[in-house]
Amino acid sequence: MGPRTGLAAVSAALLAMNRTLQVRDVLQTIVASARELLDARYAALGLPDGNGGFAQFLVDGVSDRQWKAIGPLPRQHGILAAMLKGATPVRLADVRDDPRFEGWPGAHPEMSDFLGMPIADGQEVLGALFLANKRCPPGSRGPDGCAFTAEDEDLLRLLAEHAAIALTNARLYERSRELTIADERARLAHELHDAVAQKLFSLRLTAQATATLLDRDPRRARAELAQVTTLAAEAADELRAAVIELRPAALDEDGLVATLRAQTQVLDRAHPARVTFDCLTSRALPAAHEEALLRVAQEALHNALRHGAPEKVQVSLFRRGVGTVLRVADDGTGFDPEAVRTAGRHLGLVSMRDRAASVGGRLTVVSAPGEGATIEMEVPGG
């Protein structure tokens, strides 16, 4: 493999590894890239479980049917144990001649030349890459077949270094998403306590009062029953809104525009207010920007529908100069932003401003009693 070809192949492999932040996809891309980069017939990637086995073991070059026939994941023994414990590369002309070799399961493909490389983050071994059966260029097969070279080892070492970065980034990304989901669920739990729980408590007290009035004041009892109906409907609306917010955002699959459109359509069906969405930009934004815009839109919609009693709520996404603007405008009761701040009630404004600032954006709030409210978030890009 010449220098130009090798550099192009490494570049392609590194780009492929960084196109996704899903751990499983990153792992599969790493093992496939390693096999293609070194022109091997078989490749595998093992991640240790810390208990003498593999938490995951991905293969490339083996059919699904053959992989199922091989049986359970391998234990950490022989060459595999050396790779994960010693954290040093292993390059063998024939793995079967090595004293650490302990044989293959019955359905395992026959392998000879072998190259193994640890994937490490500092002193921590995250996993190991295993390659076997180097393919020979036409007319170059010698009497002993093919073998991995020192150049192959250097290329795989470079790939493993970048694989460690890609894998670490993917794990951090998934962890951050888990924390974000936990934060959102905690916020919803708090809101459920403040809204639904209070309404259910009022419902219980009203029902108890109605029971005592049935015999001595039937007219007043009927009025209390009407109040029970109203409270039950409000509690159902609050629960419906919470369930909608608990649905995972489809940003990764559908993008910001489609996700906003879908959520506004659901809210339009769930509330008496007319909730609409229009988009005047189609450019994708960085994932962090889209996440922040979506969360601010959800918070602003929640405030408008819960507190503003609007007839219409309009969500808009458009470009302004070199930035992208999200606008949530309603014709509801409105509020005095300064009075809200002074009273210690924030309506989520603090968290919305924090989200905007976290991606280099800014939040603008325009409202007054009786004049509705408009929330705008502008972020760079788009």
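The values are calculated or read from the model by the stated rules, or taken from the named source; none is laboratory data. Not measured: the values here are computed from a predicted model. FYI the Cβ positions are ideal-geometry reconstructions off the backbone, even for glycines, and counts take in every protein chain you see. Quick note on the areas: whole protein, heavy atoms, side chains included, nothing else; ligands and nucleic acids left out. Shrake-Rupley method; radii C 1.70, N 1.55, O 1.52, S 1.80 Å.
Tabulated values for the structure
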| quantity | calculated |
| --- | --- |
| Breaking point among (1) part of a loop (DSSP other than H, G, I, E, B); (2) of a type in the set (D, E, K, R); (3) surrounded by 14 or more Cβ atoms within 10 Å (Cβ to Cβ), for residue 283 | (3) |
| Single residue of segment 270-280 satisfying the filter (surrounded by fewer than 17 Cβ atoms within 10 Å (Cβ to Cβ) and of a type outside the set (D, E, K, R)) that is modelled with the lowest pLDDT | 270 |
| Number of the exception - residue 373 against (1) surrounded by 15 or more Cβ atoms within 10 Å (Cβ to Cβ); (2) at pLDDT 90 or above; (3) out of contact with any helix residue (DSSP H, G or I) (no Cβ under 6 Å at 6 or more places or on another chain); (4) within 30 Å of residue 173 (Cβ to Cβ) | (4) |
| Selected residue (only one of 267, 260, 231, 239 is under 23 Å from residue 306 (Cα atoms), at pLDDT below 75, open to solvent by less than 80 Å² (accessible area, probe 1.4 Å) and part of a helix (DSSP H, G or I)) | 231 |
| Enumeration of residues in segment 90-114 that are charged (D, E, K, R) and closer than 20 Å to residue 62 by Cβ | 94, 96, 102, 110, 113 |
| Residue among 222, 216, 157, 175 that alone is within 30 Å of residue 133 (Cα to Cα), at pLDDT 65 or above and loosely packed, with under 15 Cβ neighbours inside 10 Å | 157 |
| Criterion: buried (at least 19 other Cβ atoms within 10 Å of the Cβ), closer than 22 Å to residue 266 by Cβ, in contact (Cβ under 8 Å) with a residue 12 or more places away in the chain and basic (Lys, Arg) - qualifying residue of 306, 355 | 355 |
| Unique residue being of a type in the set (Val, Ile, Thr), free of Cβ contacts under 8 Å to residues at least 24 places away in the same chain and part of a helix (DSSP H, G or I) when the list is 340, 296 | 340 |
| Residues satisfying the stated conditions in segment 358-378, i.e. within 21 Å of the chain's Cα centre (by Cα) and not in a loop (DSSP other than H, G, I, E, B) | 358 |
| Residue list for segment 27-68, filter: open to solvent by less than 20 Å² (accessible area, probe 1.4 Å) and modelled with pLDDT under 80 | 53, 54 |
| Test: residue 350 is open to solvent by less than 20 Å² (accessible area, probe 1.4 Å), part of a helix (DSSP H, G or I) and without any contact (Cβ under 8 Å) to a residue 24 or more places away in the chain | no |
